[in-house]
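The values are calculated or read from the model by the stated rules, or taken from the named source; none is laboratory data. The structure presented is a predicted model; accordingly, all values stated were derived computationally and were not measured. Note: ideal-geometry Cβ built from the backbone for every residue, glycine included; neighbour counts use all protein chains shown. Surface areas here come from the heavy atoms of the whole protein model, side chains and all, with no ligands, DNA or RNA. Shrake-Rupley method; radii C 1.70, N 1.55, O 1.52, S 1.80 Å.
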Amino acid sequence: MDVELITIGTELLSGVTLNTNTHFIGDQLAKAGVALSRQVSIPDDHDTIVDTIHESMARADWVIVSGGLGPTGDDITKKALARAFNRQLVFHDELLARLKERYTRRGRPLSLHLDTQAVQPADSEFIPNELGTAVGILMTEGGKTLVALPGVPQELRAMIVDHVVPRIAAAAKTRVESRTWSTTGWTESHLFEVLESAIGAHPEIAVAFLPSLQGIRLRFTASGPDASRELELFTDEIRPLIAGALYAEEEIGVETTVGQLLTEQRKTVALAESCTGGLVAQRLTDVSGASAYLFAGLVTYDNRAKIELLGIDPSLIETHGAVSEEVARAMAEGAVARCKTDCALSITGIAGPDGGTEEKPVGLVWMAVTLDGKTTSRSIRTMGNREMIRARAAQAALNMLRLRLLGRED
């Protein structure tokens, strides 16, 4: 199964807009066991669009096109599709009625350009767009299929997940299965060293290492009639090897796992953040239902806030500095005492680019967890710019809390 992706938009090439659609489409296809064979971004130019469609249709079984389906002047994809497939543009009364009904139901005034959305290439199948007015277009010719979708990320993602990927997966001739695990706390090279022998012993399993600031996702893919059994045997073998880093046998953030543990144990948590500026609180509240376990998040950025809000002894800061093990422990203990929660997590560090010293360099972060009357602490030294250091600090702190909730201190 060859699948090619064409993303249309001059703004993508100029760097004005980040091309997140390519990442999302490739990821969703990979989860379904289908890999993109080619991807190209092109400008809003009629002739370029037509030529690129011809090239991709000559090679691929499926072609996905995103962008240029709206009512504005630079939305020319429909016209290019009609020319590429040598078909007329046809007005569809039922499509216009459907769009008008949606506007009326939502209490919105009818768009002056709504009629243009009802004009589509002849002999096309429409893909529903529940979040916008530009329907998707599916066209077939010579055993090949092209799907055109709007470029608005929220609209495209829903259509990809609900309508496009299932059809492509169903059309694939080979049974392919894929699983994704989530790890954190280990480097990519260490993970590979631990798994190298198992990977070599199972050439039938394709293993992808997908690093990010939040950790490393491991994607395992197998094909053929025994794909499910082969994956089961392989994952059973490697599970104990990476138990120290594995936090979920699915693709979720560690904040979700922490939330699950807090919910299961019926515990509440308070946060005392300094260098992360509330990033841990944001991560936890990104998960629906966080109000069941997150009591409060205190951003005690200034030393005075640490003293007045958390009750830290000023002499502790004067003696050891705000970025120290002693202050991190006092922050966590102060948060538990002031918020009366079951546990607390604290972070204090130097995110840079300024503020570092030889003794305490940029990237030094101390964190502590108070749970069941016991406080544990650890430090990390990470690299990168300010955003990267803060993200890695938040991830490490959440993982530390996860491990404490599991009764581990490693």
Inset, instruction - Under 19 Å Cα to Cα from LYS374, which lysines show up? Leave out anything in the same chain fewer than 8 places away. - result: LYS267, LYS340
Inset, instruction - For the range 301-399, give the magnitude of the charge dipole about the Cα centre (Cβ charges: +1 Lys/Arg, -1 Asp/Glu; no others), in debye to the nearest 20. - result: 300 debye
Inset, instruction - Can you spot the aspartates and glutamates whose alpha carbon is less than 20 Å from LYS100's alpha carbon? Ignore those fewer than 8 places along the same chain. - result: ASP115, GLU125, GLU130, GLU155
Inset, instruction - Sort TYR103, TYR301 by accessible area with a 1.4 Å probe, largest first. - result: TYR301, TYR103
Legend entry - Length added when fully stretched, VAL90-ASN385, from 0.36 nm per residue minus Cα-Cα: 100.9 nm
Inset, instruction - Among the lysines, select those whose C-alpha is under 27 Å from the C-alpha of LYS173, and discard any that sit fewer than 8 residues away in the same chain. - result: LYS31, LYS144
Legend entry - the range 209-295 - Debye-derived log10 I(q)/I(0), Cα point model, q = 0.17, 0.24, 0.27 Å⁻¹: -0.85, -1.21, -1.34
Inset, instruction - Using only alpha carbon pairs under 8 Å that are at least six residues apart, calculate the relative contact order of the range 160-234 and give it in whole percent. - result: 37 percent
Inset, instruction - Using all C-alpha to C-alpha distances in the range 215-260, build P(r) with 5 Å bins and read off the rounded percent in each one. - result: 5, 18, 25, 22, 17, 10, 4, 1
Legend entry - Carbon and sulfur %, accessible surface of the chain computed with the full protein complex present, 1.4 Å: 51 percent
Legend entry - FRET efficiency, 1/(1 + (r/R0)^6) with R0 60 Å, evaluated for LYS374 and HIS46 via beta carbons: 0.30
Legend entry - Karplus (6.51, -1.76, 1.60) ³J(HN,Hα), θ = phi - 60°, over the range 172-177, in Hz, Gly and Pro reported as x: 5, 7, 10, 6, 10, 10
Legend entry - Calculated on alpha-carbon atoms, Rg and Dmax of the range 1-74 in Å: 12.5, 37
Legend entry - Whole-number accessible area per residue in Å² for the range 192-257, which is evaluated in the context of all protein chains at 1.4 Å: 47 Å²
Legend entry - Cα long-axis angle, helix 188-201 against the chain (0 to 90 degrees, to the nearest 10): 60 degrees
Inset, instruction - Do me a favour and compute the ellipsoid semi-axes for the range 343-402 from its Cα gyration tensor, root of five times each eigenvalue, largest one first, whole Å. - result: 23, 12, 7
Legend entry - As computed over the range 28-149, the Cα convex hull volume per residue (Å³): 117 Å³
Inset, instruction - Please report Rg over Rh for the range 293-376, where both radii come from the alpha carbon positions and Rh follows the Kirkwood definition. - result: 0.97
Inset, instruction - Work out, in µm²/s and without decimals, the Stokes-Einstein translational diffusion coefficient of the range 263-321 at 10 °C, 1.306 mPa s, Rh from Kirkwood over C-alpha pairs. - result: 125 µm²/s
Legend entry - Within the chain: Cβ-based charge dipole about Cα centre, in debye rounded to nearest 20 (Lys, Arg +1; Asp, Glu -1): 860 debye
Legend entry - Helix 386-405 vs. the chain, principal-axis angle (Cα, 0 to 90°, nearest 10): 70 degrees
Inset, instruction - Mind grabbing the accessible area of HIS92 for me, 1.4 Å probe, Å², rounded to tens? - result: 40 Å²
Legend entry - Computed magnitude of the charge dipole of the range 241-322 (debye, nearest 20; Cβ of K, R +1, Cβ of D, E -1): 220 debye
Inset, instruction - Evaluate the Debye formula for the range 82-195 with equal point scatterers sitting on the alpha carbons, no solvent, and hand back log10 of I(q)/I(0) at q = 0.17 Å⁻¹, in q order, two decimals. - result: -0.93
Legend entry - Computed [θ] at 222 nm, deg cm²/dmol, the chain (DSSP H ≥ 4; -39,500 (n - 2.57); rounded to nearest 500): -12000 deg cm²/dmol
Inset, instruction - Please identify, among ASP93, ASP45, ASP115, the residue showing maximal mean-square fluctuation in a Gaussian network model of the chain using a 10 angstrom Cα cutoff. - result: ASP93
Inset, instruction - May I ask which residue of GLN120, ILE64, GLY9 lies farthest towards the positive end of the charge dipole of the range 1-145, with charges of +1 (Lys, Arg) and -1 (Asp, Glu) on Cβ and the Cα centre as origin? - result: GLN120
Inset, instruction - Could you work out the Kirkwood radius for the range 151-210, taking every pair of different alpha carbons, averaging 1/r and inverting it, reported in Å? - result: 14.8 Å
Inset, instruction - Select from PHE192, SER37, PRO240 the residue farthest towards the positive end of the dipole of the chain; place +1 on Cβ of Lys and Arg, -1 on Cβ of Asp and Glu, and compute about the Cα centre. - result: PRO240
Legend entry - On Cα atoms only, tilt of 20-31 relative to the major axis of the chain in degrees: 90 degrees
Legend entry - Compactness of the chain, expressed as Rg and Dmax over alpha-carbon positions, Å: 26.2, 80
Legend entry - Sequence of VAL269, VAL161, VAL207 when ordered by accessible area, the most exposed leading, probe 1.4 angstrom: VAL161, VAL207, VAL269
Inset, instruction - Using only protein heavy atoms and a 1.4 Å probe, report how much of GLU409 is accessible, in Å² to the nearest 10. - result: 120 Å²
